[in-house]
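Everything below concerns the one structure shown next.
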Amino acid sequence: MRFAVIAGCLALCIVCATAPGAQPTIRLSVQTEGHAPTLVAVALPATVKTDEVRLLLLPERTEVPCDIRLMDKGVRQLLWIHPGGKREYLVEAGRAPSAPLRWKAQLKANTLEITRDGNLVTCYVFSGATKPYLYPIHAQTGVPMTRAYPMEQREGESTDHPHQRSFWFTHGDVNGVDFWGEVGEKGRIVHREFSDISGGRVGTFITTRNEWRTPQGQLVCTDTREVYVYDMDDLRIIDLTVTIRAGEQPVRFGDTKEGTFGIRIPTSMEQRHGKGTILTAAGKRDKEAWGTRAVWCTYSGDVDGEVYSISVFDHPTNPHHPTYWHVRDYGLFAANPFGWRDFQNNPNVDGSITVPAGGQITFRYRTIFAKGAITAERLNALYEAFAKEAKAQSAL
């Protein structure tokens, strides 16, 4: 039997027999490369029929906060923060966890508000613009980590590029339609539904379904977005997975620098003001980072008189990995795997990708918000834990 695992771990699962009709007890041996903490998700066996699951760290039997997601065909997925290295766990299905529900999601008129211990973490804004986005985003200290404009006007903030809304995913050429900009005849990504809002002990997990439509309203493609917001030690993390699905016609993501997964950092963090620093995993710094490829990129600078940082990881399964970084000294921070011509300054290359009719393409990113600049050594360790995956084996 196999269990799907994310976040680069190898887990041996031993399902212990229980009385007929009772919920099972599952033993997990989880090992990650290196010793960096990371999020782990394991699909539990179909015999688990309850959302009441307690996770214990062995041998101390210390309870570990965990979340449960209901997946396809009634399968439940268990998520928790694994501290790194090799650890033994016991999963007790049917036992209510004692860990508190610290994370909550509240649906409002055009936003889904996510809080931790009553404090606002972020809002998923799903109407009122040409695309969904997250705003605001607060670090663990409560400091805002993205630019407020154009959602709000703040003294001293830059007001360029109003389409760069905090934290978003879109592209400037999808079957010839510009979904990146907002002024003029532009495409729209239309929210249709939330198919999942869950979690509460580790973080908040949301799944949305959206339609990409031309300015005339014609359907180009659809997407499913999975957003998991959680804390890990001193880090606030947002994991984003976007799956684009083509309908009856192929969908072409064209070669343009105007894309794709973007963040607009606070004005005070911008590198052009002399207080910001850009660094990639390949060692490129500041203006030299633009248009180069790397598995991660970090942007650090001043917020309210102290140094904060935003780091983005590009998953190795992403198209054209490692991505190019469309990262600017004025505050745009984007991962764009498609814009080869601009990034290579070569009109003879083509970074476009065509999704065949009925096909799909998936993008996965991890974004880390932290107080202080994270060292390259720590980012490399965190990235390794994020990137390296395996399958979980079970023995009955």
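Observations, loosely collected:
- Residue match in region 92-112 (condition: touching a residue at least 40 places away in the same chain (Cβ under 8 Å) and of a type in the set (Val, Ile, Thr)): no
- With respect to the conditions (1) at pLDDT 95 or above; (2) among the polar types (S, T, N, Q); (3) more than 21 Å from LEU107 (Cα to Cα), GLN153 falls short on a single one, namely (1).
- Test: residue in region 147-155 that is of a type in the set (D, E, K, R), buried (at least 20 other Cβ atoms within 10 Å of the Cβ) and either part of a loop (DSSP other than H, G, I, E, B) or not assigned by TED's automatic domain parsing to the domain that holds GLN31 (or both): yes
- Residue match in region 159-169 (condition: surrounded by fewer than 14 Cβ atoms within 10 Å (Cβ to Cβ), closer than 22 Å to GLU270 by Cβ and without any contact (Cβ under 8 Å) to a residue 12 or more places away in the chain): yes
- Residue, surrounded by the most Cβ atoms within 10 Å (Cβ to Cβ), within region 52-85, restricted to residues that are touching a residue at least 40 places away in the same chain (Cβ under 8 Å) and farther than 20 Å from THR204 by Cα: GLY84
- Scan of region 185-199 for residues that are surrounded by 19 or more Cβ atoms within 10 Å (Cβ to Cβ) and among the aliphatic types (A, V, I, L, M), ordered by number: ILE189
- Residue in region 289-306 that is within 26 Å of ILE189 (Cβ to Cβ), of a type in the set (Gly, Ala, Ser), touching a strand residue (DSSP E or B) at 6+ places or on another chain (Cβ under 8 Å) and free of Cβ contacts under 8 Å to residues at least 60 places away in the same chain present: yes
- One residue from GLY359, GLY351, GLY291, GLY339 being at positive phi and assigned by TED's automatic domain parsing to the domain that holds THR267: GLY291
- From the list THR362, THR367, THR317, the one residue that fits, being in a strand (DSSP E or B) and either without any contact (Cβ under 8 Å) to a residue 60 or more places away in the chain or buried (at least 20 other Cβ atoms within 10 Å of the Cβ) (or both), is THR367.
- If you go through region 115-143 and keep only what is surrounded by 19 or more Cβ atoms within 10 Å (Cβ to Cβ), part of a strand (DSSP E or B) and touching a His at 6+ places or on another chain (Cβ under 8 Å), you end up with VAL121, THR122.
- On the stretch given as region 18-46, residues that are of a type in the set (Ser, Thr, Tyr), touching a Ser or Thr at 6+ places or on another chain (Cβ under 9 Å) and modelled with pLDDT of 85 or more total 2.
- Test: residue in region 252-274 that is farther than 30 Å from ASN119 by Cβ and touching a Cys at 6+ places or on another chain (Cβ under 9 Å): no
- Among (1) within 23 Å of GLN360 (Cα to Cα); (2) assigned to a strand (DSSP E or B) - the single one CYS297 does not satisfy: (1)
The values are calculated or read from the model by the stated rules, or taken from the named source; none is laboratory data. Not measured: the values here are computed from a predicted model. Ideal geometry is used to build each Cβ from the backbone, glycine not excepted, and the neighbour counts take in all protein chains shown.
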